[in-house]
1. Pairs to check: LYS295/LYS380; LYS346/LYS380; LYS336/LYS380. Give those whose C-alpha atoms are more than 27 Å from each other in this structure.
2. In whole percent, how big is the carbon plus sulfur part of the accessible area of the stretch 113-260, probe 1.4 Å, protein atoms only?
3. Read phi for every residue in the stretch 320-328 and hand back ³J(HN,Hα) as whole Hz from Karplus 6.51 cos²θ - 1.76 cosθ + 1.60, θ = phi - 60°, with x for Gly and Pro.
4. Could you please put ARG205, ARG255 in sequence from largest to smallest accessible area, using a 1.4 Å probe?
5. Residues with amide H under 5 Å of HIS349's amide H, sequence separation 5 or more or different chain, H placed in the peptide plane at 1.01 Å from N; which?
6. Let me see the pair-distance distribution of the stretch 308-383: every alpha carbon pair, 5 Å bin width, integer percents in order.
7. Among the lysines, which fall within straight-line cross-link reach of LYS231, defined as a Cα-Cα distance under 16 Å, with same-chain neighbours fewer than 8 residues apart omitted?
8. Step through the residues of the stretch 130-139 one at a time and calculate ³J(HN,Hα) from phi using the Karplus curve (6.51 cos²θ - 1.76 cosθ + 1.60, θ = phi - 60°), rounding each to whole Hz and writing x for Gly and Pro.
Amino acid sequence: MVMRVSPGAIVWTLLVLGGASLVGQVVRVLSIDVEDPPEESTAAGNQTRESDVEGLGSGNDQLLWFLQISDLHLSLFQDGTRATQLQEFATVTVNTINPGVVLASGDLTDAKNEDMLGSQQYIEEWATYSDILKHSGVLNKTVWLDIRGNHDNFNVPSLASDENFYQRYSVQGPHHSRSYSYTLKLEGQSVTFIAVDACLLPGPRRPFNFIGMVTSSEMRLLEEFERASRKSNHTIWFGHYPTSCILSPEPGIRRVMGRGLAYLCGHLHTLGGLVPNMYTRQHTGSLELELGDWKDSRLFRVAAIDHGLFSFTDVKHATWPVILITNPKHALFAMKHHEPLHLIQKSTHIRVLIWSFSPIVEAKVRVGESGPWHTLAQVKEGPLFVVSWNPQKYMTGLHTIMVYAKDSSGREQRVEQPFSLDGSQPSFRFWPRALLMSNISMCASDCSPASTAGS
């Protein structure tokens with residue numbers, strides 16, 4: 001006797017199996033406990049040796065910092081203050097912070113028509129970008145590392161096309177048509193920055209290139225960069241698209257980046273403010289940090305590597321003072337496979353970077369919600385401020401550290417963050433982790449890119 005199965009039962013079974021599979025994938029993707037550190041990964045970075053990181057004391061050695069800016073969207077038709085305030089950033093902000101490099105992670109121009117429906121590359125937008133960098137003098141003060149975003153690639157039929165203004169008007173385009181690497185050597189330390197160009201070729205017109213792709217040949221180039229970067233103390237990756245928006249061949253873009261401290265990107269614009277602070281730690285143990293846009297939010301990022309410990313803060317334009325605590329570092333962003341976290345336990349000083357375009361007249365720190373305030377002392381007229389502490393008092397669980405700074409113009413800021421010395425960590429929020437750790441590129445054909453923030 002043949003048993004008949006109704007179509008409804010088949011559909012229900014498929015839904016149950018599909019749902020179970022989806023739940024399993026979600027659990028795997030979002031699990032904080034799932035970690036797959038890359039081979040040969042060490043908790044001290046690429047090439048950091050014990051002799052290089054003897055202790056986090058009061059000196060300003062083994063310390064460097066840099067900036068990131070993303071999604072400028074300089075437009076011929078929309079909001080001219082994007083350009084005028086970028087000029088301020090390139091002069092006042094860069095002069096004050098004095099970074100080793102500035103990362104400009106794509107969508108340098110808007111490339112949207114006046115009606116906001118179509119797209120094309122406008123030479124006037126690219127000329128504005130180029131003129132700002134030249135006239136501000138920023139290129140004489142730091143290294144400007146820019147990379148294409150999907151808007152910079154709208155309607156570009158090929159890299160050799162006359163419409164590919166990136167190769168003529170950007171800083172790195174005349175030297176690197178796509179991905180490239182740059183090594184910064186400073187204070188006896190070296191950091192390799194690897195730029196990932198995942199733009200489609202040819203570049204579709206709006207709104208059909210929300211998703212990026214790394215081809216097999218581009219992947220081989222990135223793998224070469226990664227192997228070469230192992231000679232440096234640290235590696236930072238950056239690009240426009242989050243890894244969740246990049247199609248890539250095996251071993252996968254996340255795996256290739258896995259030894260780096262972090263991948264810094266843009267593109268999603270914090271989903272129009274709905275998902276701010278879009279950060280996660282990938283299964284390789286390294287960080288992925290989306291930066292909110294310059295276009296509407298006027299955000300930029302300050303990041304530092306202090307004795308192998310990576311720290312960052314995202315800042316609204318013209319907000320001063322800027323405060324970045326590097327020791328003890330923020331517990332949420334601790335990377336046990338990539339950083340010498342044991343140095344925090346052995347450290348003798350709290351270390352804080354503070355910048356303002358007026359002199360700092362007051363800087364103090366408090367450990368614990370009810371602890372006393374302690375004055376921070378400036379080190380050699382630089383941005384580093386320190387005070388001695390006893391980390392043995394805080395060996396168990398999560399604690400808080402608060403820093404207050406005031407400049408001579410009366411501007412003041414207060415920063416608070418958690419830290420731990422025993423590996424205790426707070427949790428990343430659900431939506432940032434889901435957006436950055438999923439593979440939304442797989443459902444691109446079912447999504448309308450015209451409705452996405454990155455469009």
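The values are calculated or read from the model by the stated rules, or taken from the named source; none is laboratory data. Being a predicted model, the structure only gives us computed values, none of them experimental. Note that we place each Cβ from the backbone using ideal geometry, even for glycine, and neighbour counts take in every protein chain shown. We work out accessible area using only protein heavy atoms, side chains counted, and drop any ligands, DNA or RNA first. Shrake-Rupley method; radii C 1.70, N 1.55, O 1.52, S 1.80 Å.
1. Where the Cα-Cα span goes over 27 Å, the pairs concerned are LYS295/LYS380; LYS336/LYS380.
2. Reported share for carbon and sulfur atoms: 51 percent.
3. Per-residue couplings from phi come out as 9, x, 9, 10, 9, 7, 9, 8, x Hz.
4. From most exposed to least exposed: ARG205, ARG255.
5. Distant-sequence amide H within range of HIS349: TRP389.
6. 3, 12, 22, 22, 21, 13, 5, 1
7. Filter leaves LYS185.
8. Once rounded to whole Hz, the list reads 5, 5, 4, 5, 6, 6, 6, x, 5, 6.
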